[in-house]
Each structure stands twice: as C-alpha cells, then as structure tokens.
1. Which numbered condition trips up ASP148, out of (1) at pLDDT 95 or above; (2) within 16 Å of the ligand (Cβ to nearest atom)?
2. Suppose the filter is under 15 Å from the mean Cα position of the chain (by Cα) and farther than 25 Å from HIS54 by Cα; does LEU86 pass it?
3. Could you tell me how many of the residues in the range 1-58 are open to solvent by less than 60 Å² (accessible area, probe 1.4 Å) and either modelled with pLDDT of 90 or more or of a type outside the set (Gly, Ala, Ser) (or both)?
4. Is it true that GLN95 is without any contact (Cβ under 8 Å) to a residue 40 or more places away in the chain and under 14 Å from the mean Cα position of the chain (by Cα)?
5. Taking HIS178 as meeting all but one of (1) of a type outside the set (Phe, Trp, Tyr); (2) modelled with pLDDT under 95; (3) within 16 Å of the ligand (Cβ to nearest atom); (4) touching a helix residue (DSSP H, G or I) at 6+ places or on another chain (Cβ under 8 Å), write down the number of the exception.
6. Residues that are surrounded by 15 or more Cβ atoms within 10 Å (Cβ to Cβ) and in contact with a Lys or Arg (Cβ under 6 Å, 6 or more places away or on another chain): which strands (runs of 3 or more DSSP E) entirely in the range 68-182 hold 2 or more of them?
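The values are calculated or read from the model by the stated rules, or taken from the named source; none is laboratory data. No experiment lies behind these values; they were computed from the predicted model shown. Quick reminder, even Gly has a Cβ in these numbers, built from the backbone with ideal geometry, and neighbours come from all protein chains shown. Ligands, DNA and RNA are stripped out before the accessible areas are found, and what is left, the full protein with its side chains, is counted by its heavy atoms. Shrake-Rupley method; radii C 1.70, N 1.55, O 1.52, S 1.80 Å.
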Amino acid sequence: MKRKILVLDLDETLIHSKNDGCNPRKEPTGTPDFVFRIFCKGRVKRVFVHYRPHVEDFLMVVSQWFELVIYTAGSEDYAAPVIDRLDDGRGIFSQRFYRQHCVPDGFDRTKDLTAVHRDLSSIFIIDNSPSAYKNFKQNAIPIESWYDDPNDTALLDLVPLLDSLRSADDVRKVLAKHRFFERRRESVDSW
Ligand SMILES: *[C@@H]1O[C@H](CO)[C@@H](O)[C@H](O)[C@H]1NC(C)=O
C-alpha cells in the first residue's frame with residue numbers, strides 16, 4: 001500500500017488567528033490557545049491563535065495514517081511558529097510550504113501540489129479556499145472556513161473519508177465518488 005500525502009492548509013482550516021495590527025472579518029471569541037509575537041513592518045505584533053475544534057485529535061489520527069505536509073499562503077514568519085506549536089515536538093509534518101511556495105494567480109495565489117509530490121494518485125489537500133486548489137480540483141477535499149464556531153465538527157466529519165483514502169490505489173477516484181455523492185445529497189436536501 002502506497003503511503004499517501006495529506007496536504008493541510010493552515011488559516012481557517014486548522015486554526016484562526018488575529019493580531020494587534022489588523023481587524024479580521026470575524027474575531028474569535030474566548031481565550032486563544034496560544035499567543036506569540038512577531039516583528040512586522042517595524043512593529044512587534046502579538047498573534048492570537050485559536051484552534052479549530054478537534055484539531056489536536058484530528059492531527060493525532062491522521063499523522064498515523066498519512067505523511068502530513070502543511071501548505072499555507074501565510075508568510076513563513078507568521079506560519080512557522082503556528083506549525084511548531086501544532087506539531088508540539090512530534091515531527092509530524094514532513095514538509096512545510098509557505099507564501100513563497102505559492103504560485104501567483106492574478107491578484108491571488110494558488111498552490112502547486114506537484115511541488116510537494118509528483119504522483120497525483122497519492123496526494124490530496126484539505127483547504128477552505130477553492131482558489132488554493134483550482135489547478136488540482138480532483139485532489140481536493142473542500143472544508144468550510146472556520147473562524148469562531150465552538151461547535152464546529154468539520155475536521156472530525158472528514159475522518160471516515162480519510163480512512164477510505166488510506167487504501168485507495170488512486171485518491172482521485174475515491175474523491176470523485178465522494179463529490180458525486182455529496183452533490184446527490186445536496187440535491188436531495190434541497191427538495
Ligand atoms: C453550541 O452548542 C450548544 C449546545 O448545543 C448551544 O447551546 C450553543 O448555542 C451552540 N453555540 C453556537 C455558537 O452555535
């Protein structure tokens with residue numbers, strides 16, 4: 001069985017953060033899981049990081065099933081300390097890709113999965129932003145953006161699908177079937 005690579009986005013997929021210097025669209029409520037400082041544009045900013053519910057359990061499970069890679073459009077200065085904290089000294093992320101590894105796409109940036117691994121039958125990405133995987137839709141698992149809902153279960157809800165990907169000979173086939181049933185379910189729900 002080929003070991004598959006699970007690529008994970010960071011912001012609004014695994015965590016949400018805010019900092020002293022900006023006003024994000026949605027501010028999380030409650031106590032941050034951790035706070036750190038970065039030096040940015042001549043100022044020290046505090047970054048308040050909130051974990052998506054169940055992210056720690058999620059990482060514990062999927063790190064046993066897959067090779068994990070973080071691929072974020074965030075800057076390395078900001079994202080590296082967040083990844084270190086999620087990793088917690090375990091070394092569960094085999095590679096890290098930051099803003100400088102994204103591909104310019106108009107005013108936006110998109111992600112290049114072939115930079116992570118050339119065999120597209122054994123790599124897939126979980127990302128809340130469709131523009132991030134626009135060139136790799138067959139390898140993508142969409143997830144709703146998370147900002148502050150304490151009852152969010154999106155990560156746990158993906159576990160059965162991820163379990164079925166472990167033994168897939170081509171992840172794109174399993175994901176195509178999944179998309180087909182999701183669309184059917186949505187059309188039945190909207191009746
Ligand atoms: C979360 O769930 C609890 C218990 O069901 C409920 O009381 C609360 O209003 C929910 N919170 C949000 C933000 O939806």
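1. Just one mismatch for ASP148, condition (1).
2. On the way: under 15 Å from the mean Cα position of the chain (by Cα): yes; farther than 25 Å from HIS54 by Cα: no.
The answer is no for LEU86.
3. Number satisfying all stated conditions: 34.
4. Numbers: without any contact (Cβ under 8 Å) to a residue 40 or more places away in the chain: yes; under 14 Å from the mean Cα position of the chain (by Cα): yes.
The answer is yes for GLN95.
5. Single failed check for HIS178: (3).
6. Working: elements: 93-97, 103-105, 108-110, 123-127, 140-142.
Because the criterion is at least 2 residues that are surrounded by 15 or more Cβ atoms within 10 Å (Cβ to Cβ) and in contact with a Lys or Arg (Cβ under 6 Å, 6 or more places away or on another chain), no strands (runs of 3 or more DSSP E) in the range 68-182 meet it.
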